[in-house]
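A short reminder: the numbers here are calculations on the coordinates, not readings from a lab. As the structure is a computational prediction, the values presented were derived from the model and not from experiment. Note that each Cβ is placed from the backbone with ideal geometry, even for glycine, and that neighbours are counted across all protein chains shown.
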Amino acid sequence: QVQLVESGGGLVQAGGSLRLSCAASGSIFSILAMGWYRQAPGKQRELVARITNSGNSDYADSAKGRFTISRDNAKGTVYLRMNSLKAEDTGVYYCNAGGLRFNSWGQGTQVTVAS
């Protein structure tokens, strides 16, 4: 199993930047892909970006061109650099790690973008 701890959320003005970090512990070398999901108030959790252990990444349309996901496989850490933040980026951001036999979630970190 894998445990995840997120950090880096906070309050930022529209147009600003934040970097989220997610540190995995446990069987980190069994992780195949890691990603970030967002849950806005009253909405379902949705994918923001994900990256495989070979470095392939994909993004939600809303994140393309503004967000960058990166990963350090040796450390079991994934990052999300968010630029040009908008009010609609507000929500709880959850880290996810998936393997053949597990799908783990972090506790979430709040991102609030003030317009």
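Results, tabulated for the structure shown:
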quantity: FRET efficiency for residue 30 and residue 66, using Cβ-Cβ distance with R0 set to 25 Å, rounded to 0.05; calculated: 0.20
quantity: Cα centroid of the range 85-105 to Cα centroid of the range 44-60, whole Å; calculated: 9
quantity: Under 13 Å, Cβ to Cβ, from residue 85 - net charge with Lys/Arg +1 and Asp/Glu -1; calculated: +3
quantity: Neighbour net charge for residue 44 - beta-carbon separation under 15 angstrom, K R +1, D E -1; calculated: +1
quantity: Formal net charge of residues neighbouring residue 31 (Cβ-Cβ distance under 14 Å; K, R +1; D, E -1); calculated: +3
quantity: Dipole magnitude of the chain about its Cα centre (Cβ charges: Lys, Arg +1; Asp, Glu -1), debye to nearest 20; calculated: 80
quantity: Packing-based ranking, highest mean first, of 3-12, 56-65 given that Cβ atoms within 10 Å are counted; calculated: 3-12, 56-65
quantity: Unit charges on C-beta of K, R, D, E only; dipole of the range 43-90, Debye; calculated: 100
quantity: Modelled label reach - residue 1, point 7 Å along Cα→Cβ, the range 11-55 residues with backbone N closer than 12 Å; calculated: 26-27
quantity: For residue 67, residues with placed amide H under 5 Å, excluding near neighbours; calculated: 83
